[in-house]
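Data block below; observations after.
The values are calculated or read from the model by the stated rules, or taken from the named source; none is laboratory data. Values in this document were obtained by computation on a predicted structure and should not be read as measured data. Every residue, glycine among them, receives a Cβ derived from its backbone with ideal geometry; neighbour counts consider all protein chains shown.
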């Protein structure tokens, strides 16, 4: 394990406050990051900070989507059981996945794909939570195998 100190301050790019953190990662992960940093002529800490940012930053986080499902009305829970990606995002996700499969993603498209995948996964989780809550409230029948 290698302890990394990440500090990625880019005040000119945004007004977001950055925090310095120390993390311990497996040596092979650090070596992969180090190699990619060399290939892209970037500092390792900058590359790791960007990777963490991209993996955790969804496209749209609203206060509505962070409310616990248990606190929603019956109708809101039922609405969530039918949650789908908006059509435009779904089409874009499909195109990016096709480009990834073909090995033709640019760095910008890769970042967009990661963000869209996170939105998709969060939506699936939210939908699953709503389905469980709807069954618990007796709003829908449980699925049977």
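Residues considered: 37, 33, 51, 57. Of these, the only one that is under 30 Å from residue 127 (Cα atoms) and at pLDDT 70 or above is 51.
Scanning region 74-124 for residues being under 26 Å from residue 136 (Cβ atoms), touching a helix residue (DSSP H, G or I) at 6+ places or on another chain (Cβ under 9 Å) and loosely packed, with under 14 Cβ neighbours inside 10 Å gives a total of 4.
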